[in-house]
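Data block below; observations after.
The values are calculated or read from the model by the stated rules, or taken from the named source; none is laboratory data. From a predicted model like this one, the values you see are computed outputs, not experimental measurements. Ideal geometry is used to build each Cβ from the backbone, glycine not excepted, and the neighbour counts take in all protein chains shown. Calculation scope for accessible area: heavy atoms of the full protein, side chains included, ligands and nucleic acids excluded. Shrake-Rupley method; radii C 1.70, N 1.55, O 1.52, S 1.80 Å.
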Amino acid sequence: MTAFDETVRELCTLHGKHGYRLAPALVRGSPGAQVKVVFDRPVFETAIVALPSVRLGDGGPNDRFASGGPDKPQRLAATLTAIDELCARHPMGQRVLQLGDWFDVFETAAGGSTADAISRIENVAAYELILRLDAKMGLSHVIGNHDACFLAEVPSLRAHEPERFRLGFWVGGKVYALHGHEAELVFGSEPAAEHEQRLHALATTLAELVPGKASFCALVEMMRISPAVKRWLQQSLGTLRADPPPESRQMDERPLPAGVACASFVERRSGEQLLCVVRELERLDASRERRADVILAGHGTEAAVSWAPCGGRPVVIIDVGTWTGAQANLLIAAGDTAAVFEVRPAA
């Protein structure tokens, strides 16, 4: 049994103890094909488990997490419990993470106080176990566009470890995890010189900012970039913002790229732009010559696998899906394989 199969088997068993199961997430437009990629070599040094956007709200009518049904809190608590039990058997450190938009502060605050919005989310009774498990596990969180205020203020139960909330994480030497909205921030009609400054400033912030150890505003002020780019960076990463319209994706009919043995790829409109950000990140000293063969992203709603060229090599992008509405996705990666699953009731 491969490392991937063993990890999936264990997590399936652990979910079953709590009344849930893992079903393959399927590729839209390709019946029967799982959101999965198999490489021709080991890529994942140790197992990785990742949750996409969750967007816990205030429990009211605009709470997109709770809108998925009355069992959503129990389902997420079961998944966190299963992951915690897996980590007790196989310590995984920062290879268990959540890919941004943990809280939906954007919708909850609705232009008002972010501190009040965070407090309201933390006090939803149905989320008490979820938040206790999050703190117990010390789960690592990418900061997204719906919880950008975490750059300055993390949830109260996590106040002692703000460094676990970052704009991006290297997960081993070949995998980089980020929210995925970054490409939308950089690419526009700006002059080439400002475009290059934006790209470098964004990559530098991803690599160097550790909330709790450094102030986001102080880091930006220290950068040797124009005042316009400083303002752009602060507004882009530090400001809550809505999502763009959903992206319609077609099957990618290109031959499989070098290094991939099996996958049902889809076209990703912003894939190359996202990899420009990661390529710039790789050039920085803080990346210690690591190169990403895989990018994990949690910004979109549709689980999918795509690829794009980066510095003369193919890089696979895995969009892990979401926990908003009826969806409940989970990425499992180990050895030569990564796949997305749907957490469903066992019955």
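A few comments on the model shown:
- Within the stretch 99-120, the residues that satisfy the criterion of being of a type in the set (A, V, I, L, M) and open to solvent by less than 10 Å² (accessible area, probe 1.4 Å) are Leu99, Val105, Ala117, Ile118.
- Selected residue (criterion: modelled with the highest pLDDT) from residues of the stretch 170-201 that are of a type in the set (Phe, Trp, Tyr) and open to solvent by 10 Å² or more (accessible area, probe 1.4 Å): Trp170
- Residue within the stretch 202-209 that is acidic (Asp, Glu) and within 22 Å of Ile143 (Cβ to Cβ) present: yes
- Apart from one condition, Gly212 fits all of (1) open to solvent by 10 Å² or more (accessible area, probe 1.4 Å); (2) within 17 Å of the chain's Cα centre (by Cα); (3) closer than 30 Å to Asp84 by Cα; the exception is (2).
- For the stretch 37-64, the set of residues classified as open to solvent by 70 Å² or more (accessible area, probe 1.4 Å) and either within 20 Å of the chain's Cα centre (by Cα) or without any contact (Cβ under 8 Å) to a residue 24 or more places away in the chain (or both) consists of Glu45, Pro61, Arg64, listed by residue number.
- Breaking point among (1) without any contact (Cβ under 8 Å) to a residue 40 or more places away in the chain; (2) assigned to a loop (DSSP other than H, G, I, E, B), for Gly180: (1)
- One residue stands out among those in the stretch 284-307 that are in a loop (DSSP other than H, G, I, E, B) and open to solvent by less than 30 Å² (accessible area, probe 1.4 Å): the one that is farthest from Ala148 (Cα to Cα), which is Asp293.
- Some residue of the stretch 20-42 being within 30 Å of Gly238 (Cβ to Cβ) and not aromatic (Phe, Trp, Tyr): no
- Residues in the stretch 260-283 that are surrounded by 15 or more Cβ atoms within 10 Å (Cβ to Cβ) and either in a loop (DSSP other than H, G, I, E, B) or in contact with a Gly (Cβ under 6 Å, 6 or more places away or on another chain) (or both): Ser264, Phe265, Glu267, Arg268, Ser270, Arg279.
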